[in-house]
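The next block holds one structure in the form of structure tokens; read it before the comments.
Bear in mind that the values in this text are calculations on the coordinates, not laboratory data. Fair warning: this is a prediction, and the values are worked out from it, not measured in the lab. Neighbour counts run over all protein chains shown; Cβ positions are idealised from the backbone, glycine included.
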Amino acid sequence: MHKSMYNQFLRDKFKLKGNIKKGFIKEGYLINEKDKIKIKNYIPRFVDENYCESFSLQWNKFKDLQLDSKNGYNHSMDRIKKCTKWNLKDLKGKSLLECGCGPGRFTEIFLKAGAKVVAVDMSSAVDANLENNGMRKNLLLIQGDIINLPFLHNKFDYVFCYGVIQHTPNPRNTFDSLVRYLKKGGKISIDNYRRVYLPTGWSTPKYLWRPITKRMNKEKLLKFIECYIPKYIDFDTKIRKIPKIGIILTGIIPVPCWNYLKKGYTRKERIEHAIMDTFDALSPTYDKPKTAEMVRRWFIKNNHLNNIEVFTGFNGIIGNAMKK
């Protein structure tokens with residue numbers, strides 16, 4: 001943690017105790033009248049993993065697989081631009097809270113844009129994020145619960161939360177908590193898995209198996225997926241390529257396989273991503289998809305937002321708005 005980021009975001013609620021070298025605090029404590037928060041490996045640790053152990057395993061194993069800077073694609077950049085509809089040039093010098101940052105696929109883009117980024121994750125993925133993005137004067141990583149950061153209320157020009165809300169115990173409450181972090185006039189962009197009713201390979205087999213797989217030992221589940229995906233993916237590819245009915249057939253066949261045919265991946269890359277995202281689908285404790293109308297009601301009933309836009313996007317339902 002850099003002292004300048006502490007001064008901007010934490011100083012009014014916590015006193016800092018720790019050794020500062022070249023502006024960074026590697027080990028120490030944030031202290032107030034109620035709490036003593038440990039700073040370990042440059043990161044304040046407000047929580048343990050809690051229900052997020054699967055993400056700790058996933059993101060420390062696949063720490064750089066989704067990073068544009070490492071994989072040679074622009075999938076993360078494209079998703080930000082097309083879904084948030086933010087002009088990244090506007091982020092320079094602005095404060096941005098990234099909720100559920102994982103190993104930093106989006107963090108690196110916000111940092112490159114010049115934003116002052118506070119990136120939060122409940123899992124130890126924050127350590128993978130630090131490894132990927134390094135110590136930066138404009139980055140504060142926090143291991144914490146995104147719904148319980150009252151010291152960050154009303155501090156941010158932008159709040160970003162992708163791939164996360166559906167994995168929390170109460171997605172609606174999570175969303176309302178995120179709005180509290182925005183300044184007046186600040187912008188928020190979130191997504192949530194889409195609830196669908198027809199068979200698809202991205203939904204039906206997943207929810208058939210999740211009552212079992214979410215309770216399995218995470219390392220054993222990952223090993224099982226690593227075993228069957230390379231053997232199964234070619235058959236899955238043939239099925240998906242059948243015109244019109246291929247995606248329905250992958251929903252009827254009860255074998256989960258996150259096989260990305262349209263992203264330009266080599267077969268080896270498709271296997272890597274299929275292993276990671278199949279594990280991501282089957283392992284989390286919570287997985288709560290919503291319809292677009294459900295998400296739209298979150299925004300409308302919040303009463304603090306305008307310029308509301310809800311639509312189907314990359315990872316399900318996208319919601320964008322501005323705080324009144």
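Listing for the model above:
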{"item": "In the stretch 117-170, the chymotrypsin sites (Phe, Trp or Tyr not before Pro) that fall in loop regions by DSSP, at most 10 other Cβ within 10 Å", "result": "none"}
{"item": "Long-range amide H partners of Gly28 with built H, under 5 Å", "result": "Ile39"}
{"item": "Cleavage-rule hits, trypsin sites (Lys or Arg not before Pro), the stretch 214-290, DSSP coil, Cβ neighbours within 10 Å at most 15", "result": "Arg215, Lys241, Lys244, Lys262, Lys263"}
{"item": "All lysines inside 18 Å of Lys223 as judged from Cα atoms, apart from same-chain residues fewer than 8 positions distant", "result": "Lys61, Lys63, Lys206, Lys214, Lys231, Lys268"}
{"item": "The stretch 204-282, relative contact order in percent, only Cα pairs under 8 angstrom and at least six apart counted", "result": "42"}
{"item": "When the stretch 177-297 is reduced to its Cα atoms, the Kirkwood hydrodynamic radius in Å", "result": "16.1"}
{"item": "Mean separation of Cα contacts under 8 Å (6+ apart) over length of the chain, as relative contact order %", "result": "16"}
{"item": "Cα→Cβ-extended label distance, 7 Å offset, between Asp64 and Thr291, nm", "result": "4.5"}
{"item": "C-alpha center-to-center spacing [the stretch 268-287, the stretch 27-42] in angstrom", "result": "34"}
{"item": "Over 32 Å (Cα to Cα) - which of Lys40/Lys70; Lys288/Lys323; Lys21/Lys82; Lys262/Lys288; Lys3/Lys89; Lys3/Lys187 fall in this group", "result": "Lys21/Lys82"}
{"item": "Karplus 3J(HN,Hα) series, Hz, for the stretch 3-15 with 6.51 cos²θ - 1.76 cosθ + 1.60 (x for Gly, Pro)", "result": "4, 5, 6, 4, 4, 7, 10, 10, 4, 6, 10, 9, 8"}
{"item": "Cys residues of the chain counted as unpaired, since no other Cys beta-carbon is under 4.7 Å", "result": "Cys52, Cys83, Cys101, Cys227, Cys257"}
{"item": "Selection from Asn71, Gly93, Leu16, by position along the positive dipole direction of the stretch 1-143 (Cβ)", "result": "Gly93"}
